[in-house]
Each structure stands twice: as structure tokens, then as C-alpha cells.
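Some notes on the structure that comes next.
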Amino acid sequence: MRVPYPHPVIAREGWPFLGVALALSLGVAWFAGWAWSVPFWLAALFVLQFFRDPPREAPEDPLAVIAPADGRIVAVGRARDPWLERDALKVSVFMNVFNVHVNRSPVQGTVKKRWYHAGSFVNAALDKASCENERNALWLRTAAGQDVTCVQIAGLIARRILCYVAEGAELERGERYGFIRFGSRVDVYLPPESQAVAALGDKVYSGESVIARLHG
């Protein structure tokens, strides 16, 4: 399934940060010389790589659950879905500051409900981040009636969760729906009969990597 890609290679969420970084770099270079501006250019380069938003193509398999974020798998196993109050298969992706931070829908479906919960900002790689940190959750229902919960979680450095969809929205598998700034985590809760594909420690890419398969 090819998902439309209407966004530039640099995510719009990063335009103000990149503009400020470039302006500071040019200003220091102009007034103090290129040697003094090197740290500012390095900072601008970091901002540029952090806010990159490369195009991705989702797999055709209708039962495939794809990674909602770039990063490393830090949890795979049976867990309790606190949002739908059910037993579930949980897969968690941790994003460090060098990963792409665009969030994409893991399945095709309808947003049945959205929750936001203010919280703390512990290291997002820790399991307790799932229940203690600031988080935004989406309940997605597929055309086959399978329920998937996708949770954006702020981290130690990340302090801003962006979500662009509300109840009733229709999402394609791999469609861009949010962004988390500066290191974070995304948890996915699937029906318990789902089969995990990703393993602990795997590196995954949002919109492309298959992390699990729904029961057919």
C-alpha cells in the first residue's frame, strides 16, 4: 500500500527550530568569524537530522502491524492494555534523539477514541514510562473489528507530544499522524492472539518495518 506523502523531507514541526539555528549560525559567522560559528553549525546540523521526515512505503499485507516510530524494540510480550482494560500483546519502540520522530499509524482503521494524560518525564526506555509519563493514546479499530491501541509517550528530554487526529478520523496503515520532540517512546497494544514479528533489541522504521501480525 502506497501512502501519500505530502510532507517535505524536513518535518514542518522543525522549521522554526531550523530557522533559529541557521540564523544564529550565520549571525555568529558574520560578526565573530567562521571559527566561532562551528558549534552553532553543528547544532543546526543536529536539528536538521532530528526533524528529517523521509518517505516510507507500507507493506501490502493487510494483517501486518507496522512500527509507529523509528527506533529500537524495548518490550515485546503479554501485558494489560490500560486504555481498553484488556489482555494484549504489547510492543514498544524507543526513539533516541538520532531517530526520526514522526509517528505513523500501525494499522488501517478508524480512531474510536483519543486520550491524553499529563504525567512525569522519566527515561522513556524504562517500562514505568508507560504508566508514569505524559502520554497520548489512540484507540484504532480495523475494518475487521480488531482493536489496536497506539500510545505516544514523552521521555526524559521530550516535552511535547503532537497528535493531529481526533475521534472519527480514518487512518491508512503508515499514515503520518503525530510527532514527539527530542527522544520518546511509542507503545502498541494488540489483540492477544496477534503474533509478534519484531524481537527485543530489533531496530525498526516507522511506516515500513512489520512488528506483528493480526490474527486472520
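For every residue, the table says whether it meets (1) touching a strand residue (DSSP E or B) at 6+ places or on another chain (Cβ under 6 Å); (2) at pLDDT 90 or above; (3) assigned to a strand (DSSP E or B); (4) farther than 25 Å from residue 48 by Cα.
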{"site": "112", "(1), (2), (3), (4)": "yes, yes, yes, yes"}
{"site": "123", "(1), (2), (3), (4)": "no, no, no, no"}
{"site": "130", "(1), (2), (3), (4)": "yes, no, no, yes"}
{"site": "136", "(1), (2), (3), (4)": "yes, yes, yes, yes"}
{"site": "143", "(1), (2), (3), (4)": "no, yes, no, yes"}
{"site": "149", "(1), (2), (3), (4)": "yes, yes, yes, yes"}
{"site": "159", "(1), (2), (3), (4)": "no, no, no, no"}
Q | Matching residues, region 170-197, being modelled with pLDDT of 95 or more, of a type in the set (A, V, I, L, M, F, W, C) and surrounded by fewer than 21 Cβ atoms within 10 Å (Cβ to Cβ) | A | 196, 197
Q. Just for region 40-53: of the residues that are out of contact with any strand residue (DSSP E or B) (no Cβ under 7 Å at 6 or more places or on another chain) and open to solvent by less than 10 Å² (accessible area, probe 1.4 Å), which one is farthest from residue 109 (Cα to Cα)?
A. 44
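Rundown of residues vs (1) within 28 Å of residue 201 (Cβ to Cβ); (2) open to solvent by less than 70 Å² (accessible area, probe 1.4 Å); (3) not hydroxyl-bearing (Ser, Thr, Tyr), yes/no style:
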{"site": "18", "(1), (2), (3)": "no, yes, yes"}
{"site": "28", "(1), (2), (3)": "no, yes, yes"}
{"site": "31", "(1), (2), (3)": "no, no, yes"}
{"site": "38", "(1), (2), (3)": "no, no, yes"}
{"site": "55", "(1), (2), (3)": "yes, no, yes"}
{"site": "75", "(1), (2), (3)": "yes, yes, yes"}
{"site": "78", "(1), (2), (3)": "yes, no, yes"}
{"site": "89", "(1), (2), (3)": "yes, yes, yes"}
Q) Residues in region 35-47: is at least one in a loop (DSSP other than H, G, I, E, B) and touching a helix residue (DSSP H, G or I) at 6+ places or on another chain (Cβ under 7 Å)? A) no
Q.
Among the numbered criteria (1) over 23 Å from residue 91 (Cα atoms); (2) open to solvent by less than 60 Å² (accessible area, probe 1.4 Å); (3) at pLDDT 85 or above, which one does residue 71 miss?
A. (1)
Q) Could we say that residue 55 is in contact with a helix residue (DSSP H, G or I) (Cβ under 9 Å, 6 or more places away or on another chain) and at negative phi here? A) no
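The values are calculated or read from the model by the stated rules, or taken from the named source; none is laboratory data. None of the values given here were measured: they were computed from a predicted structure. Positions of Cβ are generated from backbone atoms using ideal geometry, with glycine treated the same way; all protein chains shown enter the neighbour counts. Only protein heavy atoms, including side chains, enter the accessible area calculation; ligands, DNA and RNA are left aside. Shrake-Rupley method; radii C 1.70, N 1.55, O 1.52, S 1.80 Å.
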